[in-house]
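One structure below.
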Amino acid sequence: MSASSHIDQAVNHLFRQASGKMVAVLVKIFGPENYTLVEDVVQDALLSGLETWKFNGIPDNPEAWLFRVAKNKAIDIIRRKKHQYYIDFSSQEELPPAAGYTPADNFDQYWQDQAIRDDFLGMMFACCHPDISPENQVTFILKSLCGFSTREAARAFLTSEDTISKRLYRTKEFFRTNHIRPAIPPPAQLSGRLDAVLNSLYLLFNEGYSATQHEQLVREDIIAQAIYLCQSLLEHEHTRQPRTSALMALFCFHAARIRSRLQADGTIIPLSQQDRRQWDKALIASGNEWLNKAASGTTLSPFHLEAAIAYEHCMAPDYAATNWKMILSYYDALLQLTKDPVILLNRSVALLEYAGAPAALQSLEAVQHHRQLNRYYLYHAVLGEIYKRMNEKDKAVACFEQARQLTAAQQEQQFLTAKIADT
């Protein structure tokens, strides 16, 4: 690998880790009405790193380097446009934040570790303002704080890139016109807004587990960030709730299996053929602990049930011993809580193993005309597997080919090509 490629990979990794933190702090400094400026400062800091590190190498603490550059760029902007940002440099006293004052001499306090962590969580909750639609809430979190590309966010929502762009524009306008600032909400308001934050972490983890726009299908850096953010919520007394623990359990169970999902050359290994000796027993044990803690409440969330499904897979000594009947019962319970068609699709996979291909095919008839699901490659891949087991080869090949056209991931395309050849 060339030095330039190594630097590019480092910056891409840091974008996930650092960009959201810089956005949160800079929104606090410049105000939400200047969100475009915030994005420009973050991009400039990342580009500075890319150019400087090519010649000088990556510093020992690259994230701190980026924070320092972003801080200096922010100070320069304020000094050049102090009347626009209402900064009084003749005084060391910090004026009320609501008035927009942020003396440059006191900038260091905004870049302390704990302040950055609090602002980051606060920004996530700001994105989940009750007057922002749920889909816009999560889209904005993924794009601005988690470093998602528009294409990655589109796949997470099974929608188009144009739709995602429109959601982002509307949310930025809402921030600007309503002066929404980063803040962790008080306990009385927190519960409802926590759901959107947890959902964004769920989507973030899923993108790491099956990447949309990267040469690596499994991106452990994204998975680690989702786990880190969930852990941050669990460390805060008001967000340490049973459904947060359930989400962490789900993350642990899935993360425990990532090393067995791919061969050395990147070829996908289906669950039925994975070497379970490679599963991370420590992570599975952590998942069990978090699932037990999640049982302390009285409310059953979708994360509880998805964690229970993942638990069943982790506990089975081999694929044949999987308790498909119990898994089906969990999916049935999930469908009582959400009408998400992907849940029905996943249930059909369990039904395929438990009751056979005809039953699985019948279960999918209810969603065969669902517009979003028809753009989802796994829907066609599952149909292909069902038809293959029914010995309807032409239909199976057509479905696998449709699935191959709908995914941008090279490993998934290769896997589907092999399925076609094997049908």
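The values are calculated or read from the model by the stated rules, or taken from the named source; none is laboratory data. Since the model is a prediction, treat every value here as computed from it, not as a measurement. Because the Cβ atoms are built from the backbone with ideal geometry, glycine has one as well, and the counts that use them run over all protein chains shown. Just the protein is used for accessible areas: all its heavy atoms, side chains included, with ligands, DNA and RNA removed. Shrake-Rupley method; radii C 1.70, N 1.55, O 1.52, S 1.80 Å.
What pairs can you find where one residue is in region 400-423 and of a type in the set (G, A, S), the other is open to solvent by 60 Å² or more (accessible area, probe 1.4 Å) and modelled with pLDDT under 90, and their Cβ atoms are less than 7 Å apart, with a gap of 6+ or different chains?
What qualifies is A408/Q213.
Find the residue count for region 292-310, including only residues that are open to solvent by less than 40 Å² (accessible area, probe 1.4 Å) and either assigned to a helix (DSSP H, G or I) or of a type outside the set (S, T, N, Q) (or both).
Within region 292-310, residues that are open to solvent by less than 40 Å² (accessible area, probe 1.4 Å) and either assigned to a helix (DSSP H, G or I) or of a type outside the set (S, T, N, Q) (or both) number 10.
Six or more apart or on different chains, Cβ under 9 Å: which pairs go from a residue in region 240-265 that's free of Cβ contacts under 8 Å to residues at least 12 places away in the same chain to one that's of a type in the set (A, V, I, L, M)? Could you list them?
That search, which allows pairs on different chains as well, returns R240/L233; R240/L234; Q263/I269.
Name the residue that is most open to solvent (accessible area, probe 1.4 Å), counting only residues in region 311-326 that are assigned to a helix (DSSP H, G or I), touching a residue at least 24 places away in the same chain (Cβ under 8 Å) and not charged (D, E, K, R).
My answer is Y311.
Scan region 143-168 for residues that are in contact (Cβ under 8 Å) with a residue 12 or more places away in the chain, among the β-branched types (V, I, T) and outside any loop (DSSP other than H, G, I, E, B) and jot them down.
Within region 143-168, T150, I164 qualify.
Return the residue satisfying two criteria in turn: it lies in region 362-415 and is within 20 Å of F157 (Cβ to Cβ) and among the aromatic types (F, W, Y), and of such residues it is most open to solvent (accessible area, probe 1.4 Å).
The qualifying residue most open to solvent (accessible area, probe 1.4 Å) is Y376.
When you scan region 201-222, how many residues do you find that are modelled with pLDDT under 85 and out of contact with any Cys (no Cβ under 9 Å at 6 or more places or on another chain)?
Of the residues in that region, 14 qualify.
Would you call A360 in contact with a Phe, Trp or Tyr (Cβ under 7 Å, 6 or more places away or on another chain) and in a helix (DSSP H, G or I)?
no
Please verify whether region 280-291 includes one or more residues that are within 19 Å of I222 (Cα to Cα), in a loop (DSSP other than H, G, I, E, B) and free of Cβ contacts under 8 Å to residues at least 40 places away in the same chain.
Scanning region 280-291 turns up at least one residue that is within 19 Å of I222 (Cα to Cα), in a loop (DSSP other than H, G, I, E, B) and free of Cβ contacts under 8 Å to residues at least 40 places away in the same chain.
Condition first: surrounded by fewer than 13 Cβ atoms within 10 Å (Cβ to Cβ), at pLDDT 85 or above, outside any helix (DSSP H, G or I) and under 27 Å from the mean Cα position of the chain (by Cα). Can you find one or more residues in region 42-55 that meet it?
The answer is no; no qualifying residue exists.
Among E161, E135, which is in contact with a Lys or Arg (Cβ under 8 Å, 6 or more places away or on another chain), over 20 Å from V27 (Cβ atoms), surrounded by fewer than 17 Cβ atoms within 10 Å (Cβ to Cβ) and at pLDDT below 85?
E135
Have a look at S200, S272 and point out the one that is in contact (Cβ under 8 Å) with a residue 12 or more places away in the chain, open to solvent by 10 Å² or more (accessible area, probe 1.4 Å) and assigned to a helix (DSSP H, G or I).
Exactly one residue qualifies, and that residue is S272.
(1) open to solvent by less than 60 Å² (accessible area, probe 1.4 Å); (2) at pLDDT 80 or above; (3) outside any loop (DSSP other than H, G, I, E, B): which one isn't true of P59, the others all being true?
(3)
Take the residues in region 179-189 that are surrounded by fewer than 18 Cβ atoms within 10 Å (Cβ to Cβ) and in contact (Cβ under 8 Å) with a residue 60 or more places away in the chain, then tell me which one is farthest from the chain's Cα centre (by Cα).
H179
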